[in-house]
1. Considering each of A215, A228 in turn, give the residue that is in contact with a His (Cβ under 6 Å, 6 or more places away or on another chain) and closer than 20 Å to D98 by Cα.
2. Every residue in segment 109-130 that is surrounded by 15 or more Cβ atoms within 10 Å (Cβ to Cβ) and under 18 Å from P85 (Cα atoms), please.
3. Would you please name the residue that is nearest to E43 (Cα to Cα), looking only at residues in segment 103-117 that are more than 16 Å from the ligand (Cβ to nearest atom) and not acidic (D, E)?
4. How many residues are without any contact (Cβ under 8 Å) to a residue 24 or more places away in the chain and either closer than 16 Å to R78 by Cβ or of a type in the set (G, A, S) (or both) if we restrict to segment 1-36?
5. Which number in (1) of a type outside the set (K, R); (2) over 30 Å from S48 (Cβ atoms); (3) surrounded by 15 or more Cβ atoms within 10 Å (Cβ to Cβ) marks the one condition that V200 misses?
6. Counting only residues that are surrounded by 15 or more Cβ atoms within 10 Å (Cβ to Cβ) and part of a helix (DSSP H, G or I), which one in segment 71-102 is nearest to the ligand (Cβ to nearest atom)?
7. It is to be established whether one or more residues within segment 212-225 are surrounded by fewer than 11 Cβ atoms within 10 Å (Cβ to Cβ) and among the charged types (D, E, K, R).
8. Just to be sure I understand the filter: pairs with C-beta atoms under 9 Å, separated by 6 or more residues or on different chains, first member in segment 106-118 and over 13 Å from V151 (Cβ atoms), second member of a type in the set (D, E) and modelled with pLDDT of 95 or more. Which pairs pass?
Amino acid sequence: MRVQVVTIFPELFAPFLATSLVGRAVEKGLLEVAVHDLRDFTEDRHRSADDEPYGGGGGMVMTAPPWIRAVRTLGGPREPGAAPPRRVLLSPQGRRLDEAAVRELASRGDLLLLCGRYEGVDERVRRTVVDEELSIGDYVLSGGELPAMVVVEAVSRQIPGVVGLAGSVERDSFREGLLDHPHYTRPPVVEGLAVPEVLVSGDHAAIERWRRREALRATLAKRPDLLAAAPLDDADRRELERLAGEAEDEAGED
Ligand code: 4HQ
């Protein structure tokens, strides 16, 4: 898969692309990322990419022509006949990114990610050369660069061969739609808190049951909204009933 990025801060991406899982995916050739400087698509002496907003009000707006030139230059198919990249603008106005959106992005071919700064990008960029607006969450950042890195990291995990057996996408998908269970490693006691007995029992079936129950417990307590879409079997539903009763008992205790 190839991801292209357009930004006025290309230097932000180098350490990210060289490190950890993403770095290894790039090294192995499973992921190709090309970062482009928007200013290379400007045509004035000062390579300016922003201007004052029509209507006033302060702040600056990214001017459309460099973006349109960049997308027209970079947004074609990699080779004649191939599909062009999906052109994605990172913005709080976009569709919220979740794991389903990540999987869809990963399965639809190459990406061209557009990272705005300042108050945002001239609306005519979105209207003419953007396929989709994506948001990583309801908060305001100073630019689309961190969101683009979030997209690259999440999408790269979906590319076959990027996440090794240890990090198992399969195991993740078994617990699809639920929060993770708690994790423990050495030492056995930390601040008086011991590791749950079952995890050192060597009983792998019991450990799997415990992990499933704790995933259900965490999801019920912290993100009950996720349970509606989570793939649950009858045993899970019975367990959730029991956990809900347990939580109620605790609430009514004193
Ligand atoms: N931005 N999810 C770029 C965001 C954002 C988000 C704010 C994007 C500023 C110029 N992008 N503009 N949240 O906060 O994607």
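1. Selected residue: A215, the only one of A215, A228 that is in contact with a His (Cβ under 6 Å, 6 or more places away or on another chain) and closer than 20 Å to D98 by Cα.
2. G109, D110, L111, L112, L113, L114, C115, V125, R126, V129, V130, listed by residue number.
3. Filtering first and then ranking leaves G109.
4. Final tally of qualifying residues: 5.
5. (3)
6. A101
7. Yes, because at least one residue in segment 212-225 is surrounded by fewer than 11 Cβ atoms within 10 Å (Cβ to Cβ) and among the charged types (D, E, K, R).
8. R117/D50; R117/E145; Y118/D50
The values are calculated or read from the model by the stated rules, or taken from the named source; none is laboratory data. Just so it is clear, the model here is predicted, and its values are computed rather than measured. In this analysis, Cβ positions are derived from the backbone assuming ideal geometry, glycine residues included, and neighbour counts consider all displayed protein chains.
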